[in-house]
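Input: a single structure, listed below in structure tokens.
The values are calculated or read from the model by the stated rules, or taken from the named source; none is laboratory data. Please read all numbers here as calculations on a predicted model, not as lab measurements. No Cβ is skipped: glycine too gets one built from the backbone with ideal geometry, and neighbour counts run over all protein chains shown. Just so you know, the surface numbers come from the protein's heavy atoms only, side chains and all, with ligands and any DNA or RNA stripped out. Shrake-Rupley method; radii C 1.70, N 1.55, O 1.52, S 1.80 Å.
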Amino acid sequence: MKLRISIALLIALCTLPAEAQWQKITPRESHPVPSDGSTVNFPTVSLPLGMTYHIHTDGRVNVSSGSDIADACYYVNILPFNPTITPVAMKVKYGAGLEDWVWSFLAPKNYQSSHIYDLTLASTSSPLSFRFFDRQDPPSTYYNDNSGSIAVEVAQETPEIVVKYDTIYFNNVLIGGSQTILDSVESYGLEAYRCDNVVMAGPSAAKFGAMSQNIVPFQVTTETTNWFQFSYTPSAPVTDTAYFHLYSSNVYAPQKDFVIVLIGNGTGARLSNAPDTLDFGTITVGATKQLPEKFYNSGNSVGTINAIAMLPTTEPFAAAPTAFVVNPHDSTSTLVTFAPNVLGNFFASFTCQISDGSTRTFYAKGIAGSAKPFISDTVLDFGRVVLGQSRTLSDTLFNIGNTNLNVTSTLNSNPAEYVIIGPQGPQVYSPGSGAIYGITFKPNHHIPLCANHDGSFTFYFDDGSSKVVVFKGCDHQPLTAHLVIDTNYSVNQGKIIDVYQSLQDVLDSTITPIRSLSERISFDATLFDLVSVSKGPLVGSAAWQLNATPGAGFVDISLSSTTAQFGPTGTLLVLQFQAHPADTPGQFTLLPQMNIDFSNPIEPFAVTSSGKIRVTDLCSPVNLSNTTPGATFIEQNLPNPVAAHSTIRYHIGQTENGAVGVRLRVFDAMGRLVRTLVDEQQQNGYYEVNISNSEFENGLYWYLFEAGGYSESRSMLVVK
């Protein structure tokens, strides 16, 4: 029968002493003990390969078998008492296939009375894990009712060093001077760091020096520090580099050759320049632009630029001056000029020779381009605009070139009739930009036959060129015509009388041909019967079609043609009436004209009223009126202004005494009598007076018409 051994494993929780804070310790990690004897893993514990670590564990594990309970600590004494207690073993796994028993019957480990267990391991760079065994008899079986927890802390035993600066920059040190910088070496780990040897190496090792606080070889513990004083003495204005090696045989392997990098810059005058590249952008061919390249001296002595050379020499750049000095902590500029004479992209490199033998380089680039004005419409045709009305069109000016377009001035040749809204005078348009213009045409005088009202808007550019927008437009003045019927007729009973309708004033149909007329003529059906309606000489040709539809006391008349047009003046229609036989001799009728409409595509609307008919239209209005024999009036001379000849028409109405005294006199703008055209007795009817501009000087005149007790004045303009 085998002897059962009772083992008590007592574990007490604790922490590392305060004086051990220098140690490189993993975070404390605690895990419960599995009851089935499986592995407890500590994934946050990092054990780099090649390092030796001190494993510190504490905790309490309870093991039991049936109703028996026993404590187990990391150190186990073999004591022969209560054979029902199951012995416990724990082992640490710290590498592939590597396990170390925390307790074994033959080789107990470091046991402390405070129930703390410490173990030293050489890491194989693998996770740390623990397993517990509550062994039964036979040994191949285990109880599965373990309970409790285990906590682990890991401290590094292999020494490592840390320095204050692993790279030391001496920055700018004046040639012939010296600068020193202190650096410290400290250690961590349970073992002391031992420095076996130091070596200064590198391309500029001779310009650097090192002094050690302790004579090499020396040791550094967690309680001590070694100081090095590094010095730098430059001999040329260049960047110097050296490497200070610390060799050790007991340190963590990657630090067996620890290197501190030393970097210094020797300087006298220390010159820099900016910008790296001068960008002139795009300028016009033939133009000149300058930009500064600035040199800075951050050193302690005067810096001299001996010369500036440009490559390639064919580029359109130049620097001035090419030799100059820059005082310490000051700056000086050289002006670079870009003056291209052909289109293209240009680039040049400028090499600056410094008096200490060094060089500085900067670059210049630019584009030679041209401005290109584009006008969307070089001719604006406003068409026909009625006098006193207006029409607005738009136009645009854009720069489609690749450099600024400079407008030096603008000119409106006819500001009285063309109003321009938009930028005028000097303007600068960058590539792709421009302006929108609004141009309003408002004719202020009549030019016969729709002749053009001249106008233009000119842009003048800084290169001497120009662009012109031409304005075209014609005016319409209301067309005046009189349809006249002598409406006070007297005839004996049963007699037939012819009544004539005349067209007075020439219809200016050269703009819009007027080819049709419709109207209604009324009469007193109790006194007269309509016999016929026939064409007069004015529309007597076969090109004119006449339709007359009589009604009760009226007749609807239409005249039309597809080729002919109304004009000039003359008899339009002959209406034949017969007086009723039983009526009183001397009977008469009024013949009002109604619904007069000169129909054409732009004259669609007519408004009529008794004795006065007006046709209105937005494009070319026609004003119509009818008169009676009893009316005395004078009409405006036509044409007006008087270019060569003009005609003045007037009408003498019926009077009780027959003839009346008529005077027609012309006065100048000062009221002085210039000419008497008529001074005589005249009977009822129409009269015409023809005048020539040769009889008058250029200017404004007034003519005064007097007939009986009637008087009226009108103005007249003479233009030769």
query = Does the stretch 337-427 come out rounded, prolate or oblate by the C-alpha gyration tensor, with a ≥ b ≥ c the root eigenvalues, rounded set by a/c under 1.5 and, if not, prolate when a/b is larger than b/c and oblate if not?
reply = prolate
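Over 20 Å between Cα atoms: which of Lys442/Lys472; Lys372/Lys442; Lys495/Lys535; Lys164/Lys256 fall into that group?
Lys372/Lys442; Lys495/Lys535
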key: Per-peptide average of other Cβ atoms within 10 Å, ordering 680-686, 385-391 highest first   = 385-391, 680-686
request  = Report the calculated FRET efficiency for Ala192 and Val259 (r = Cβ-Cβ distance, R0 = 22 Å), to the nearest 0.05.
outcome  = 0.55
key: In Å, descending, principal axis extents of the Cα set of the stretch 196-302   = 77, 32, 27
task = Provide the gained length on full extension for the span Ser184 to Lys720, in nm with one decimal, where the gain is 0.36 nm per separating residue minus the Cα-Cα distance.
result = 181.9 nm
query = If we sort 457-463, 183-189 on the protection proxy, mean other Cβ atoms within 10 Å, highest first, what's the order?
reply = 183-189, 457-463
inquiry  = Students often check this: by mean Cβ neighbours within 10 Å, which of 212-218, 191-197 ranks highest, and how do the rest follow?
reply    = 191-197, 212-218
query = How much FRET efficiency would the formula 1/(1 + (r/R0)^6) give for Lys467 and Trp702, where r is the Cβ-Cβ distance and R0 is 35 Å, rounded to 0.05?
reply = 0.15
request  = Evaluate the distance, in nm, between pseudo-label points positioned 7 Å from the Cα of Val216 and of Ala659 along their respective Cα→Cβ axes.
outcome  = 15.0 nm
key: Zero-based 5 Å bins, Cα pair distances in the stretch 247-335, whole percents   = 3, 10, 15, 16, 11, 8, 7, 5, 5, 6, 5, 4, 2, 1, 1, 0
task = Taking 7 Å along the Cα-to-C-beta vector as the label spot, tell me the Gln493-Arg675 distance in nanometres, rounded to one decimal.
result = 5.5 nm
key: Taking only Cα atoms of the stretch 286-406, radius of gyration then Dmax in Å   = 25.1, 85
ask   = Using the heavy atoms of the protein chains alone and a 1.4 angstrom probe, what is the accessible area of the stretch 203-348 per residue in square angstrom?
value = 49 Å²
Hull-based mean projected area of the stretch 387-430, where the convex hull spans the alpha carbons, in square nanometres = 3.9 nm²
